[in-house]
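Novice: Pasting a structure here, questions to come.
Taken together, the values in this text are just the output of simple stated rules run on the coordinates, not laboratory data. These figures come from a predicted structure and were not determined experimentally. Because the Cβ atoms are built from the backbone with ideal geometry, glycine has one as well, and the counts that use them run over all protein chains shown.
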Amino acid sequence: STLFPYTTLFRSQIVGYSIIANGLNHAFLYSGGSMMDLGTLPGAATSDAYGVNDSGQVVGYSGSAGGEGHAFLYDGGTMIDLGTLGGCCSEALGINNSGQVVGYSLFTAAGGGGMLSCPAAFLRYRF
């Protein structure tokens, strides 16, 4: 498969996505000499990992093949949906060693039309 790494740590942890056999992206964590497929959120087809902290918590995006999806936190073998700020989509782009996640969420502007991007801190999932 083809690998696309995004983030590396000095502890030899790498996250990104790999194109799997069906041609879709799956997030991965490379650590300790092995690569682990992180899967997707329930009902989703794809995932990308964008950030990792020293505890091995991974953040990214999981969604449909068409692109709509949600930010996720992968922790202890479980992918957790971080939701949105009321719109269709969100992505988690980084996580610090306190478990604070940062990313963005899209939502429809008041009065309809267009989408706005809003920075989001998903602090309710702080560990």
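Novice: Label-point separation (nm) for Ser34 and Asn22, each offset 7 Å from Cα along Cα-to-Cβ?
Specialist: With each label placed 7 Å out from Cα toward Cβ, I get 2.4 nm.
Novice: Would you grab the residues whose amide H sits under 5 Å from the one on Phe72? Only those 5+ places off in sequence or on another chain, please, with H modelled 1.01 Å from N.
Specialist: Placed amide hydrogens put Gly60, Tyr61, Ser62, Leu82, Ala92 under 5 Å from Phe72.
Novice: Tell me which residues come under 5 Å, amide H to amide H, from Gly39 once H is placed; ignore anything under 5 positions away on its chain.
Specialist: Correct list: Ala27.
Novice: Further question on the same structure: Each residue of the stretch 47-56 in order: what ³J(HN,Hα) in whole Hz does its phi give by Karplus 6.51 cos²θ - 1.76 cosθ + 1.60, θ = phi - 60°, with x for Gly and Pro?
Specialist: With coefficients 6.51, -1.76 and 1.60, one gets 7, 9, 9, 10, x, 8, 10, 5, 7, x Hz.
Novice: Then there's this: What ³J(HN,Hα) values, in whole Hz, does the Karplus curve 6.51 cos²θ - 1.76 cosθ + 1.60 give for the stretch 80-96 when θ = phi - 60°, with x put for Gly and Pro?
Specialist: Listing the rounded values in order: 9, 6, 8, x, 9, 9, x, x, 7, 9, 8, 9, 9, 10, x, 9, 9 Hz.
Novice: Moving to a separate point now. Please list, in order along the stretch 12-28, the HN-Hα scalar couplings obtained from phi with the Karplus expression 6.51 cos²θ - 1.76 cosθ + 1.60 (θ = phi - 60°), rounded to whole Hz, x for Gly and Pro.
Specialist: Per residue, the Karplus-derived 3J(HN,Hα) values read 6, 9, 10, 10, x, 9, 10, 7, 8, 3, 7, x, 9, 7, 10, 5, 9 Hz.
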